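The structure appears below as structure tokens.
The values are calculated or read from the model by the stated rules, or taken from the named source; none is laboratory data. Only a predicted model underlies this, so the values are computations on that prediction, with no experimental measurement involved. Cβ atoms come from the backbone with ideal geometry, glycine included; neighbour counts cover every protein chain shown. All accessible areas refer to the heavy atoms of the entire protein, side chains included, with ligands and DNA or RNA removed. Shrake-Rupley method; radii C 1.70, N 1.55, O 1.52, S 1.80 Å.
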Amino acid sequence: MKELYQREALQRKLLYNKLQEMRGNIRVFCRCRHDNRVSCSLEFPNDQEVRLPDGRKMKFDRVFNPHTSQEEVFEDTKPIITSCVDGYNVCILAYGQTGSGKTFTMQGNHQQPGVNIRSIQELLRICQERDNIFFTLKASMVEIYNDTIQDILSHDVNQLELRSQGNKIHLPGLTEMLVENLDDINEIMDLGEQNRSVASTKMNSTSSRSHLIFMITVEGQDKASGAVSTGTLTLCDLAGSERVSKSEAQGQRLTEAAAINKSLSSLGQVFTALRTGQLHIPYRNSKLTHILQPSLGGDAKACLFVAVSPDEAHLSETSSTLQFGSNARHVALGQAKKNVREKGPSTAWNAQEGKSRGSRR
Ligand SMILES: Nc1ncnc2c1ncn2[C@@H]1O[C@H](COP(=O)(O)OP(=O)(O)OP(=O)(O)O)[C@@H](O)[C@H]1O
């Protein structure tokens, strides 16, 4: 009986995912962080609902309670992420107030790696498995601080200008690093972390006051047909979403908070415009939404993590974070399209060309 129920539940879940995929809905996952210093103010009646102390229930595509492991979180995200190997643009965003577990979910730590590292590992595994295709993985990392974009993998942490052409965006001078194995991943992560802390010290700020965007481009050339597919995975750890009035910010902190609020509300406006089918989508209202345009612009797949604290003291932020996620669930990007070119010279670097580090776009 139990087995039958589990099979049916799995079947329902697969059908639901298929339907969401056809509509192109943004998948929204809610994760409540673990914190043994406080008792949890939220309840989790099942794996799709969260109940607030006032009795309100919010529904998401998946709810992860404070005891959910990094492995379990990744398992549910994996199918979306790995579709970039087939030429889709995929975007994963983490939204929530400071300290709610966004960085833990995305970056994690050495013992409990998060979505970022697990994603590249999984992409490398799939690329190795498909031996009829030459794959090239390249990684870039940028930080958006006070509406300026900084290249976190360049040694002098260059400031970058954003150029756009239709739905495409370009960041001339952006550092791209070739990823071939686990050592490359660790090297890139370490360099990013080091440069990020140098940059934030220079700016007298903390890294949680900026948005971190990690991009992985997967280019594959079919050895037989020559067709080339290009997929991009954009992993975005957003700055904390708390309100200025609550943080009582002044001076530089106030400027930072205002830039964060502006960019996060631009993100909300983009979601609203997409949800209500407006002709004009205001991507250019902030660097954050502008850089994310190809990932939210109609032919991509997107997944939003809303991270919340279990602490009763943060209930009002928790409630507004959950509301943000709930609104995003109704955003339909349209059915995702693959980026595949028939035959043609690949820009993919294959093994014979050797390793090109720190090459530029
Ligand atoms: N699910 C979890 N299990 C165990 N510890 C967690 C979990 N989520 C977060 N933490 C811990 O809580 C602390 C704050 O988390 P984290 O830095 O990820 O928050 P954040 O939302 O990214 O904050 P900020 O906006 O300041 O960057 C960290 O010490 C982190 O290790």
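Bridgeable aspartates and glutamates around K57 (alpha carbons under 19 Å apart, same-chain partners fewer than 8 residues away excluded): E43, D47, E49, D311, E312, E317. Comparing T217, L171, S286 along the charge dipole axis of the stretch 26-360, the residue lying farthest to the positive side is S286, per the Cβ-charge model.
For S319 and D86, the FRET efficiency from 1/(1 + (r/R0)^6), where r spans their Cβ atoms and R0 equals 30 Å, is about 0.20. By accessible area, using a 1.4 Å probe on protein heavy atoms only, the stretch 26-360 has 48% of its surface on carbon and sulfur.
Taking a ≥ b ≥ c as the square roots of the eigenvalues of the Cα gyration tensor of the stretch 21-120, is the shape rounded (a/c under 1.5), prolate (a/b larger than b/c) or oblate? Walk me through the numbers on the way to the answer.
Numbers: a/c = 2.34, a/b = 1.35, b/c = 1.74.
Oblate, since a/c reaches 1.5 and b/c is not below a/b.
Rg(Cα) of the stretch 26-360 divided by 2.2 N^0.38 Å?
On the way: Rg = 19.6 Å, N = 335, 2.2 N^0.38 = 20.0 Å.
Here the answer is 0.98, to two decimals.
Let me know the shape class of the stretch 130-175, please: from the alpha-carbon gyration tensor, a ≥ b ≥ c as square roots of the eigenvalues, rounded when a/c is under 1.5, otherwise prolate if a/b is greater than b/c, or oblate. Please report the intermediate quantities before stating the final value.
Working: a/c = 3.08, a/b = 1.63, b/c = 1.89.
The shape class here is oblate.
Distance between the pseudo-spin-label points of N186 and R37 (7 Å out from Cα toward the beta carbon): 3.1 nm.
The translational diffusion coefficient of the stretch 286-336, from Stokes-Einstein at 4 °C and 1.567 mPa s with a Kirkwood hydrodynamic radius over alpha carbon pairs, comes to 102 µm²/s.
Taking a 27 Å limit on the Cα-Cα distance, which of the listed pairs K262/K337; K102/K262; K59/K168 fall beyond it?
Values: K262/K337 30 Å; K102/K262 19 Å; K59/K168 33 Å.
Among K262/K337; K102/K262; K59/K168, the Cα-Cα distance tops 27 Å for K262/K337; K59/K168.
For the stretch 86-102, 3J(HN,Hα) computed residue by residue from phi via the Karplus equation (6.51, -1.76, 1.60; θ = phi - 60°) reads 8, x, 8, 8, 10, 10, 10, 10, 10, 10, x, 6, 4, x, 8, x, 5 Hz, glycine and proline entered as x. Per residue, the stretch 26-360 exposes an accessible area of 44 Å² to a 1.4 Å probe, with every protein chain left in place. Near K287, which aspartates and glutamates are there with a Cα under 12 Å away, not counting those fewer than 8 places off in the same chain? Within reach: E143, D147, E161. Taking R0 as 51 Å, what FRET efficiency do you get between R253 and R341 from their Cβ-Cβ distance, rounded to the nearest 0.05? With a Förster radius of 51 Å, E is 0.60.
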